[in-house]
1. Filter the range 146-167 down to the residues that are within 13 Å of the ligand (Cβ to nearest atom) and in a loop (DSSP other than H, G, I, E, B), then identify the one that is surrounded by the most Cβ atoms within 10 Å (Cβ to Cβ).
2. Report every pair of residues separated by at least 6 positions or lying on different chains whose Cβ atoms are under 6 Å apart, first residue within the range 120-145 and closer than 25 Å to residue 45 by Cα and open to solvent by less than 10 Å² (accessible area, probe 1.4 Å), second of a type in the set (D, E, K, R) and within 9 Å of the ligand (Cβ to nearest atom).
3. What pairs can you find where one residue is in the range 242-253 and under 16 Å from residue 219 (Cα atoms), the other is near the ligand (Cβ under 8 Å from one of its atoms) and open to solvent by 50 Å² or more (accessible area, probe 1.4 Å), and their Cβ atoms are less than 9 Å apart, with a gap of 6+ or different chains?
4. Out of everything in the range 197-221 that is acidic (Asp, Glu) and surrounded by 21 or more Cβ atoms within 10 Å (Cβ to Cβ), what residue ends up being nearest to residue 158 (Cα to Cα)?
5. Condition first: part of a strand (DSSP E or B) and either of a type in the set (Phe, Trp, Tyr) or within 16 Å of the ligand (Cβ to nearest atom) (or both). Now tell me which residues in the range 80-108 satisfy that.
6. Is it true that residue 11 is touching a residue at least 24 places away in the same chain (Cβ under 8 Å) and either crowded, with 16+ Cβ neighbours inside 10 Å or within 21 Å of the chain's Cα centre (by Cα) (or both)?
7. Of all residues being in contact (Cβ under 8 Å) with a residue 40 or more places away in the chain and of a type in the set (D, E, K, R) in the range 93-108, which is surrounded by the fewest Cβ atoms within 10 Å (Cβ to Cβ)? Just the residue, please.
8. Among 280, 316, which is the only one that is open to solvent by less than 60 Å² (accessible area, probe 1.4 Å), within 16 Å of the ligand (Cβ to nearest atom) and not acidic (Asp, Glu)?
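The values are calculated or read from the model by the stated rules, or taken from the named source; none is laboratory data. Please read all numbers here as calculations on a predicted model, not as lab measurements. Glycine also receives a Cβ, built like all others from the backbone with ideal geometry; neighbour counts cover every protein chain displayed. Only protein heavy atoms, including side chains, enter the accessible area calculation; ligands, DNA and RNA are left aside. Shrake-Rupley method; radii C 1.70, N 1.55, O 1.52, S 1.80 Å.
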Amino acid sequence: MTNQQILLAARPTGLPKESDFRLVESPIPVPVEGEFLVRAIYLSVDPYMRGRMNDRKSYIEPVALGAVMGGESVGRVVQSKHADYPEGSTVVGQFGWQEYAVSDGRGVRQVDPSLGPISTALHVLGMPGLTAYFCLFDTCQFQAGDTVVVSAAAGAVGSTVGQLVKLSGGRAVGIAGSDEKIDWITGPLGFDGGLNYKTTDNYVEGLKPLCPDGIDVYYDNVGGPITDAVFPLLNLRARIGICGQISQYNLEEPEYGPRLLWHLIVKRATIRGFLVFDYFDRAAEGFGKLAGWLREGRLQYRERITDGIENGPRAFIEMLQGANIGKQLVRVSQE
Ligand SMILES: NC(=O)c1ccc[n+]([C@@H]2O[C@H](COP(=O)([O-])OP(=O)(O)OC[C@H]3O[C@@H](n4cnc5c(N)ncnc54)[C@H](OP(=O)(O)O)[C@@H]3O)[C@@H](O)[C@H]2O)c1
């Protein structure tokens, strides 16, 4: 019995390659008093991890070369010397890209399997769900009646944002990279409109008919030219939440600085950065709301599951390229 781990072997240049990672086998760690051993079931691959592969700190430390790649997973406690985490309990935490991890419980959350499939602890009932909830309602100050445009709209965060807008009395317009994604968000998810940016030449002209009354909130997950296209359509006192800038993550030099800011003068608009870490002390509020909507059948989600920890790097790269509809996960072991 060994512990399969994915190490960061090289700092990627541009889009990461599978050769930037290395699969190794180590002995399974043994918990001491006050610790427990977790066996991962699902591993989350998230866009922010791209920043951790660089050699500079942003809001989170870089992963050291040769270290186990950092990341959140949901798993089961298989051995315990910690009273609060008995064997058989399901937990989510920063256990890294590996099959087994020892923890003392810091930063670990118990998962209540009665709320939904345990994988949801990595998306709609996890960090991406909190991101959607707090950035929309707090940072973007969403109000009923607002028209909200969200980019990366068919991903884990964006698909939740649009649904929160709909169930709170707003108009949701999503921007995403395939017709299949647009069909999902405007069909089952109930968005009012969708724009496939990969088949649209002029984003402003594409958005105009979808937002006949202008844009009150822009929930930005991508930055770059998509964000530029939203600015001319902003309404008076519009709010822009900068949640992510995925179009810039693989660039060696940022391609776009703040641009077209004169629109903010004309519209007296507000632009504000968001970081989910700032809301962890309010996580119970967010999880309570999200779990309620999920139970009532008012929130839907999709998952793209890649099997095998050895395929973690490929799943991560494919997510950056937009292969996922909904949340990209890696299944490390069977439930
Ligand atoms: N600030 C925070 O605290 C926080 C927390 C969580 C997530 N985020 C951010 O939220 C965003 C979404 O995260 P997620 O976990 O929900 O990921 P996701 O949307 O499930 O997956 C990423 C998606 O980004 C899209 N994308 C990739 N390159 C793009 C480009 N050049 N232009 C436009 N879209 C592109 C792809 O979809 P398409 O097919 O549509 O291109 C891809 O499916 C990311 O920017 C992430 O960094 C921020």
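1. By that ranking, first place goes to 153.
2. From residues that are closer than 25 Å to residue 45 by Cα and open to solvent by less than 10 Å² (accessible area, probe 1.4 Å), the pairs are 123/327.
3. Close Cβ pairs (under 9 Å, with a partner that is near the ligand (Cβ under 8 Å from one of its atoms) and open to solvent by 50 Å² or more (accessible area, probe 1.4 Å)) amount to 242/273; 243/273.
4. Selected residue: 220.
5. 92, 100
6. Considered against the rule, which asks whether it is touching a residue at least 24 places away in the same chain (Cβ under 8 Å) and either crowded, with 16+ Cβ neighbours inside 10 Å or within 21 Å of the chain's Cα centre (by Cα) (or both), residue 11 comes out as no.
7. 104
8. 316
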